[in-house]
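Please treat every number below as a calculation from the coordinates, not as lab data. What you are looking at is a predicted structure, and each value in this text was computed from that prediction instead of being measured. All Cβ positions, glycine included, derive from the backbone under ideal geometry; neighbour counts span all protein chains shown.
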Amino acid sequence: MKMHDNPTIALVGPGAIGATVAASLHEAGRTPALFGRTAHDHLDVRFDGGQIRVPGPVQTNPACIETTFDLVFVAVKTTQIEAASTWLSALCGEKTVICVLQNGVEQKSQFATYVPQHRVLPSVVWFPAQREADASVWLRGKPRLTLPDTRAAQTVVTALRGTRCSVDVTEDFISIAWRKLLQNAVAGLMVLTGRRAGMYSRSDRTPVARVSKGMH
């Protein structure tokens, strides 16, 4: 796989996670092409002390794509993979790296129906970002990705080098992916109870969190 000093970049799914990565790239002068279900003129990502506006548009018609890209970030939920497959067909060439911005341990198998597994680069996403009512994204921490130590990962490392989104590369990616998945399982208790992280300071919440981790 030939490395590019300035890979051409596309991003599918400019939600909270996707918009954060797009903003990090744009801030460093590497604005990605944006694709998704809903048209937007731009993306706004807010954080303590500032805001980044990523110019659009967010394109919504795969049939209008006329070129392929070196690197495609895919930031969709598991339930949206099939719908996103039409973008992959349009955006990806034979050597395109497909970086899946989706926590879990089954990214390669989930995308195998649509693209060769060796072109799929899984990631672990380490940052809190949420979509606001005005469609902006609120980034509440420093963004970071963890990738497996492969040749394909170097394309992402190159793309995000010097941006606010740092990248870690590890040989033991599966263990880290499982650890993050378990953390997400425990965090899900906040969603179920409608409470913030302070709930875990209560002694009666610790056994519940342990059970949640054990079930996953």
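Above 14 Å lies some portion of the pair distances; for the stretch 14-68, what is it as a whole percent of all C-alpha pairs?
Working: 759 of 1485 pairs.
That tail contains 51 percent of the Cα-Cα pairs.
May I ask you to sort His42, His118, His26 by Cβ crowding, counting other Cβ atoms within 10 Å and putting the fewest first?
Values: His42 14, His118 10, His26 20.
Lowest to highest Cβ neighbour count: His118, His42, His26.
Looking at the stretch 9-171 only, what percent of DSSP beta bridges run antiparallel? Nearest 5 please.
Details: 11 of 35 bridges.
Roughly 30 percent of the DSSP beta bridges within the stretch 9-171 come out antiparallel.
Tell me the net charge near Gly56. Cut-off is 14 Å between Cβ atoms, Gly56 excluded, with +1 for each Lys or Arg and -1 for each Asp or Glu. Write out the running numbers ahead of the final one.
Values: positive: Arg37, Arg53; negative: Asp41, Asp44.
Here the charged neighbours net out to 0.
Please give, to one decimal in nm, the separation of the simple spin-label points placed at Thr113 and Asn6, each 7 Å out from Cα toward the Cβ.
3.9
How long is the gain from Leu181 to Cys64 if the chain were fully straight, where each residue apart is worth 0.36 nm and the alpha carbon distance is subtracted? All intermediate terms of the calculation are to be shown ahead of the outcome.
Values: separation 117, 0.36 × 117 = 42.12 nm, distance 3.63 nm.
Result: 38.5 nm gained on full extension.
What full-extension length gain, to one decimal in nm, is calculated for Trp138 and Val105 as 0.36 nm per residue of separation minus the Cα-Cα distance?
Working: separation 33, 0.36 × 33 = 11.88 nm, distance 2.63 nm.
Using 0.36 nm per residue and subtracting the Cα-Cα distance, I get 9.3 nm.
Would you mind calculating the gained length between Ser89 and Lys77 on full extension (0.36 nm times residue separation, minus the Cα-Cα distance), in nm to one decimal? Write out the running numbers ahead of the final one.
Working: separation 12, 0.36 × 12 = 4.32 nm, distance 1.81 nm.
Roughly 2.5 nm would be gained on extension.
Taking amide H positions as placed 1.01 Å from N in the peptide plane, with prolines and chain starts having none, which residues 5 or more places from Val167, or on another chain, fall under 5 Å of its amide H?
Leu145
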